[in-house]
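Quick note: the coordinates plus some simple rules give every number you see, no bench work behind them. None of the values given here were measured: they were computed from a predicted structure. Note: ideal-geometry Cβ built from the backbone for every residue, glycine included; neighbour counts use all protein chains shown.
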Amino acid sequence: MLVELGHFALVMSFLVAIVQTVLPLWGAHMHRRAFMAVAEPAALVQLALIAFSFGALTYAFVTSDFSLKLVVENSHTLKPMLYKVSGVWGNHEGSMLLWVLILALFGAAAALYGSNLPATLRARVLGVQASISVAFLAFILFTSNPFWRLELAPLNGDDLNPLLQDPGLAFHPPFLYLGYVGLSMTFSFAVAALLEGRVDAAWGRWVRPWTLAAWVFLTIGIGLGSWWAYYELGWGGFWFWDPVENASFMPWLFAAALLHSAIVVEKRESLKSWTILLAILAFGFSLIGTFLVRSGVITSVHAFANDPERGVFILIILAVFMGGALMLFTLRAASMTAKGVFSLVSRESALVINNILLAVAALVVFIGTIWPLVAEAFWDRKLSVGAPFFDAAFTPFFVVLALVLPVGAMLPWKRARLAPTMRKLWPAAVFALAVFGLIWTIQTERTLLGPVGLALGAWLVGGAIQDILQKLGRKRDFSRLTRLPRADWGRLFAHGGLGITMAGIAGLTAWTVEDIRVVQVGETFEVAGYTIALDNVERVQGPNYFSTMATLSVFENARKVATLHPEKRSYPVAQVPTTEAGIDNGFLRDVYLVIGDAQADGGWAVRTYIKPLANWIWGGSIIMALGGFLSLSDRRYRVAGGARKVATRVQGVPAE
């Protein structure tokens, strides 16, 4: 009965979303306050209905209700409770229900915290947001219904994909969707502003918190996915330029560009057209990622669906929203005149360079991801675009970005001179060169990637610190640190975190040591200064899997530093094997061990990696996300304080 109520609530939310789309938009157009007032309660009702529907599906998974087709295909009675819950979104239908739940959550948040918006703009934002809900609720109800019953319920289910039965993958999709769907709010603000015919400093202040929240959640989601790829797949890598990975990375790049562009709109009322376009493209690339993951046009270890019919439906959604928004942008672009002017050397110019680099980098990733599909569709050729292309084409843009970022963050607005700013940055430059020299001395006759990457990371970190120190004044009054806005601290952590991540990527890529050999139980071997002993291999039974578990001891300078237990797991229900690496995490390196298959001579294949600076990658991601949260906690952005200065009437309608 609860399942049927959940299905009914989903249908009702679809009808409420239609009402929330039509009446507020019509009311804003006709200046009818009563129609516009429907938006806020409709947004809250829509959230309540979808939350109830999602709760009903979760209850079915937790109680192993095998009369539900989705539970049979993605659960099992022996599965741990964490993975029963994560199984709700570990499939196509359930993940789309999570998608619309988050979509409704953002809409309800805008209704609750948007009271300082002009009435017509608020109505249009909530109306556009509801139109996105209409599209995806229709997609769920007509092509991906999670509430289908079976006539005959089996005794047990088929289990969740074992690769998804992992803590990293349990939390990765919700954070990623909070980022993906969070960009729908920036899209709604952009389209509402185009309908309103008004983009000003207040609009830039309103849109920044939503963009920042989406970027933070995307950062966490991408970081969790990268961490999972590192330890779960057993390949020792953190990023493989997989199409699904790229699908999340492209919106992240556009969101970063949008975040910086909105600053210029807020501070100088410039770059209005470019900022609106970025807001449209950021969400558009989220929809493109959804299409890639769910249409079956690409193959990936974590693609959700292989159904061309669903892919066509998503393609229609993409065409309608992107096509409509871009057409509206074309019609309204001429009215978005810039008020502020700035010289070639200024913070505004630096942010323009930042935007261009991020946008072009995202387009490079898009071309590399989509080109095999284009080649197959038009020329019937099977092509593979792998890491060598992405590394060669993408890296130069981020190198230039890393060089520009500290300088741009310290340039004054409107008009500046480069020499004084560079003088302020000399400690960061000396620090970066010192790191470069040290690493080059240690790494003679090897690739420059490591020293250059660490030098760039040091430059970013040093520049972020110097940016804070210059706010202390000439007398270096450190008491000012306690009075700095949280947004300044957020910028320090975000830029510094990026530098740490870049240093980690460079170190891991340049200096990883790999060793593959056959080892007998009781035998020891040497890898990069470490002595490793295979102590034992045994058969272990888990809650819903069988495992071949090895015990290996790791010694450094005759001192035991770790005992690791890599595994090869077999899930009998799903008939899928997985690899669980044994990792000794350290600040400067990871010792990474993988147990392979038994050999004919009684030995075991053992793969060993020594991974320098691996944890800097995820540490930097955490610091970046922390910087975003610090900025969000700044009252100026959280409540859009500058928005209260907006005129009390917009297009003849009093602001509420």
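Here the dipole of the chain is about 3860 debye; that uses its Cα centre as origin and unit charges on the Cβ of Lys and Arg (positive) and Asp and Glu (negative). Take every Cα pair under 8 Å whose residues are at least 6 apart in sequence, average their separation, divide by the length of the chain, and the relative contact order is 13 percent. May I ask for the net charge around Ile465, where only other residues with Cβ less than 14 Å from the Cβ of Ile465 are counted and Lys, Arg are +1 while Asp, Glu are -1? My count for the surroundings of Ile465 gives +2. Charging the Cβ of each Asp and Glu at -1 and of each Lys and Arg at +1, and nothing else, the dipole of region 167-409 about its Cα centre rounds to 680 debye. State the answer as a single residue: which of Leu195, Pro41, Leu169 lies farthest towards the positive end of the charge dipole of the chain, with beta carbon charges of +1 for Lys and Arg and -1 for Asp and Glu, about the Cα centre. Sorting the options by dipole projection puts first Leu195. Taking every DSSP helix (H) stretch of at least 4 residues in the chain, weighting each as -39,500 (n - 2.57) and dividing the sum by the residue count yields a mean residue ellipticity at 222 nm of -21000 deg cm²/dmol. Please work out whether the chain counts as rounded, prolate or oblate from its C-alpha gyration tensor, where a ≥ b ≥ c are the square roots of the eigenvalues and a/c under 1.5 means rounded, while otherwise a/b larger than b/c means prolate and anything else oblate? Oblate is the answer for the chain, as a/c is 1.5 or above yet b/c matches or exceeds a/b. This ranking places Asp601, Asp488 by how few other beta-carbon atoms lie within 10 Å of each, fewest first, which gives Asp601, Asp488.
Within region 1-165, the ratio Rg/Rh, alpha carbon atoms throughout and Rh by Kirkwood, equals 1.08.
Spacing of the modelled spin labels on Ser67 and Arg149, each 7 Å from Cα toward Cβ, amounts to 0.6 nm. Summarised in one figure, the compactness ratio Rg/Rh of region 513-614, Cα atoms and Kirkwood Rh, is 0.99. Based on the convex hull around the alpha carbon atoms, region 28-81 presents an average projected area of 5.5 nm². With a Cα cut-off of under 22 Å and a minimum spacing of 8 residues unless on different chains, the lysine pairs in region 366-486 number 4.
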